[in-house]
Amino acid sequence: MFKLDRKLIISASVAATVAMLAVGCVPGAAEPEGASTVNGKPTIDGGLMYPVVNDKTGPYYVNPQVAADAPKIFNGRTPTPNELKAWNTDVMPDGTGLPEGEGSSEDGEVLYEAQCVMCHGDFGSGGGGYPALSKGNAYELQKTLTNNRYRNAEGDGPTRVFGSYWPKVSTLWWYIRDGMPHPMSKTLSTDETYALTAYILNINEIEVDGEVIDEEFVLNRELMLKIDMPNDKGFEPNIDGPTGLDDVRAFYANPENFGAYKVKPSERCMTNCKEPTAKVTRIAGAGISEFLPPMATERTLPEVENAGGGAKAQYEEACMMCHADTSMGAPAVGDANAWAAVMTKGIDKVYSNGINGINGMPPKGGSSLSDADFKSVVDYMINNSK
Amino acid sequence: MDNKKSNQEVDVSKRDFFRKTAALSVTALAGTSLISSNARADDPAIMHHVSWGQKWGDPVTKNLYGIPSAYEHNVTRRNTKLLASGNYRASIAVTPIHESMGIITPNGLFFSRSHGGTAHVNPNEYRLMIHGLVEKPIVLTLEQLKRYPSVTRTHFIECPANGGQEWRGPQFNSVQFAKGFMSSAEWTGVYIKTILADLGLKKEALWMLAEGSDNSEMGRTVPVDKVLDDAMIVWGQNGEALRPEQGYPVRLLLPGWEGNLCVKWLKRLEFSSEPWYCKEETSKYTALKPSGKAIQHFYANEVNSTVTSPSPEIPWTHLKDGDIVEIEGLAWSGMGTITGVDLSFDGGDNYVEAKLKGLVLPKSWTRWSYMHTYKKGEQLLLTSRAMDDAGYIQPTIDQETKIMGVESVYHRNAVETWEVTATGEVNHVQIRS
């Protein structure tokens, strides 16, 4: 029954749209309003819809037979209960999808040091282009979100890390389980996911039940659902509850809310438009010009890459991010002393450590290189570090 | 070998010759005379046989899937270390829009953004599940999905961080990096509402989770309004299967909305009465305002435009006084159809109307053009400003930052300016208080 209603409503909007399109063709006409609808309501994003009118949506023809036949098309099959269970594993803020389990901050730290630190840095401080997870007390840092260099160009900007910015813990738990560790995701158990979540809550000094989460803390489902993140109320428009869509719709109905600008075409500024205080602002310093490959528009033939580029290319693909310098704690290519120290173990041990992973380094650096290719990349790195 | 080498040189000089004389011949047609002494010299590219004209070319059996001319090797996506997150696996490679023609991006140049690397999905193991608040949940194979009646639509996809590195001032002296976090294609797929016509959306359904099968299990929450309007599940891109970088074999397409919402390697659509709070709609893709509040669920890419020629990549250093040159650019809006583009030569103080050209389609790249007679030594500030049929116009930088501040990263659509120097170099500048 509901399906039918929605269809009727969609087609009922057609008449209104025809009227709008006719008006819209006149230059300088009043801006179109309520151009079209879904479920009898105006567009949710502040933009236009192009419903089907005379078998066309905007400039595109559509086959009118499709609307009549669509309710009879069921090309697939019904998923089995086990299939639904296997894939329906998303985690929502109210605990939907969040399994029972537990993990301590202490265990989380061990996991973090083994599988996360090489990218997210000590105590979640970030590095290597990966996001920081903590910069200290989340409640204090949440207050930096009003730091806007619009007001003070030289001042500090806002600190947006998990603790200070993210509205929900469920997001973290869900993403750790499904997206982490980045080179080999979906390998953490439920309890490991709780442990890592506990550790990240710990380093952000998040509170639950009036207590700061410390190293001894053991997180479980019940406790996780009690946590209110410091910036939970930091987002607009509201999206929760039965009014969620209407609240979003109302928000985008007002361009002032989101930095957009509406004007009747006939009233737009064509002369003497510049704000009196506006001036030419150039790129500061050299700007960002390290483009890969370098910017060029010539049509000369490319230089042929010299042989032996395989290991170099694989190094750049899989290893350079950590081994280019010492910022990730790995021996840097070109650092003869660091590699000499590594080589005291003997080349076979160096190979096997790399293949199996060592310290912060995941097996083969997270690459899918064959053992032979991996060894040639190691050789390349050693040869360039003498 | 020597012969071959000299032919390469010949080819280069031929290109230079055309570049120089193209403007000249236009000048001649326009009746303003002026023949330079260069043009009188006999061109070796004409006077001698060219190497490719005196030997067999490749057999048709070579390159059964064609590739561009080797001479076009500089026309590529590019990346930069600033945007190198995750060993280039949570990163972006951007489109050379200064080399783009028309309103379609070739599939190999379509900008590429992923959150766990480009997944390579086996189409034979591909499954799409649609479930949650529907009367009849469904699992589809790729073949079953593609049996639904298809529609083909031309739409841009834009990362909402396009231009987002430049809220506080210009940083990239490049149109590829300043505006190339977007591309445009002709997409083929099925409207989700066509599939739902049978599955039956329940009345309580307000939101749809779209989830990818990639390493990051990329997910986003979509309001049902969009699902019932023009949301598509697509498998075709410019007449062929999606490229892996665009989500092969199947991605979500929400015309005009944030590229991130157009989930790639799509595996699952679930309907619910409450939103999900996925990572990429909380930690990122939210726009922090000076109030300290951030806009979440920021959907449509607002009306926008850029000059693509000239640009830092395509300067006017080779132009001579009196040359007639086409100023060209792109305009686009995720909220409707481009209705006009204005062009300023003085950084947005005074505008003239530019001309739209080619197809003008909803939520699509739109080409615009303005013919200009170049005066040697002139210094210009070229600013374009687009409007759409939803009633929006691009704001000035001051207008936009007054509301959004400079920390919001996403959805920056204020007008952008290229400075043309006296020598014809082109630099990215901003006109702002």
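The values are calculated or read from the model by the stated rules, or taken from the named source; none is laboratory data. A quick note: this is a predicted structure, and the numbers were derived from the prediction, not measured. Ideal geometry is used to build each Cβ from the backbone, glycine not excepted, and the neighbour counts take in all protein chains shown. When the accessible area is computed, the model is the full protein with side chains, heavy atoms only, and any ligands, DNA or RNA have been set aside. Shrake-Rupley method; radii C 1.70, N 1.55, O 1.52, S 1.80 Å.
Checked against (1) part of a loop (DSSP other than H, G, I, E, B); (2) open to solvent by less than 60 Å² (accessible area, probe 1.4 Å), A:Thr96 passes all but condition (2).
Only a single item in (1) closer than 23 Å to A:Leu98 by Cα; (2) within 21 Å of the chain's Cα centre (by Cα); (3) surrounded by 15 or more Cβ atoms within 10 Å (Cβ to Cβ) is not met by A:Ile227, and it is number (2).
Only strands (runs of 3 or more DSSP E) whose full extent lies in region B:308-391 are considered here, and the ones with at least 1 residues that are open to solvent by less than 40 Å² (accessible area, probe 1.4 Å) are B:324-332, B:338-344, B:351-353, B:366-373, B:380-388.
Sub-8 Å Cβ pairs linking a first residue in region A:115-127 that is free of Cβ contacts under 8 Å to residues at least 24 places away in the same chain to a second residue that is assigned to a loop (DSSP other than H, G, I, E, B) and open to solvent by 50 Å² or more (accessible area, probe 1.4 Å), at least 6 apart or interchain, are A:His120/A:Pro131; A:Ser125/A:Lys135, ordered by first then second residue. Within region A:255-282, the set of residues being without any contact (Cβ under 8 Å) to a residue 12 or more places away in the chain and within 28 Å of the chain's Cα centre (by Cα) comprises A:Glu256, A:Gly259, A:Tyr261. Mind checking which residues of region A:333-385 are part of a loop (DSSP other than H, G, I, E, B), open to solvent by less than 40 Å² (accessible area, probe 1.4 Å) and touching a residue at least 24 places away in the same chain (Cβ under 8 Å)? Listed by number, the residues that qualify are A:Val333, A:Gly360, A:Pro362, A:Ser367, A:Leu369, A:Ser385.
Looking across region A:159-175 at every residue that is open to solvent by 20 Å² or more (accessible area, probe 1.4 Å) and more than 20 Å from A:Ala195 (Cβ to Cβ), the one that is farthest from the chain's Cα centre (by Cα) is identified as A:Thr159.
Going residue by residue through region B:133-155, is there one that turns out to be open to solvent by less than 20 Å² (accessible area, probe 1.4 Å), touching a residue at least 60 places away in the same chain (Cβ under 8 Å) and either closer than 30 Å to B:Pro290 by Cα or aromatic (Phe, Trp, Tyr) (or both)? No, every residue in region B:133-155 fails to be open to solvent by less than 20 Å² (accessible area, probe 1.4 Å), touching a residue at least 60 places away in the same chain (Cβ under 8 Å) and either closer than 30 Å to B:Pro290 by Cα or aromatic (Phe, Trp, Tyr) (or both).
Comparison of B:Thr95, B:Thr118, B:Thr76 shows that the only residue that is of a type in the set (Val, Ile, Thr) and farther than 26 Å from B:Glu280 by Cα is B:Thr76. Can you tell me which residue within region B:153-173, out of those that are part of a strand (DSSP E or B) and within 8 Å of another protein chain (Cβ to nearest Cβ), is nearest to A:Val280 (Cα to Cα)? Looking at the filtered set, the residue picked out is B:Phe172. Against the test of being open to solvent by 60 Å² or more (accessible area, probe 1.4 Å), of a type outside the set (Asp, Glu) and either assigned by TED's automatic domain parsing to the domain that holds A:Pro363 or in contact with a Leu (Cβ under 7 Å, 6 or more places away or on another chain) (or both), the options A:Lys143, A:Lys135, A:Lys186 yield a single qualifying residue, A:Lys135. When B:Arg113 is tested against the conditions (1) touching a residue at least 40 places away in the same chain (Cβ under 8 Å); (2) within 30 Å of A:Met118 (Cα to Cα); (3) among the charged types (D, E, K, R); (4) surrounded by fewer than 20 Cβ atoms within 10 Å (Cβ to Cβ), the lone failure is (4). Return yes when A:Val218 is in contact (Cβ under 8 Å) with a residue 40 or more places away in the chain and over 19 Å from the mean Cα position of the chain (by Cα) and no when it is not. So A:Val218 passes the test. Checking each residue in region B:82-113 for being of a type in the set (S, T, N, Q) and either touching a strand residue (DSSP E or B) at 6+ places or on another chain (Cβ under 8 Å) or more than 13 Å from chain A (Cβ to nearest Cβ) (or both) picks out B:Ser85, B:Ser91, B:Thr95, B:Ser100, B:Thr105, B:Asn107, B:Ser112. Region A:172-277 holds helices (runs of 4 or more DSSP H) entirely within its bounds, and those carrying 1 or more residues that are under 28 Å from B:Tyr410 (Cβ atoms) and aromatic (Phe, Trp, Tyr) map to A:244-252. If you go through region B:392-409, how many residues are open to solvent by less than 20 Å² (accessible area, probe 1.4 Å), in contact (Cβ under 8 Å) with a residue 40 or more places away in the chain and assigned to a loop (DSSP other than H, G, I, E, B)? Within region B:392-409, residues that are open to solvent by less than 20 Å² (accessible area, probe 1.4 Å), in contact (Cβ under 8 Å) with a residue 40 or more places away in the chain and assigned to a loop (DSSP other than H, G, I, E, B) number 5.
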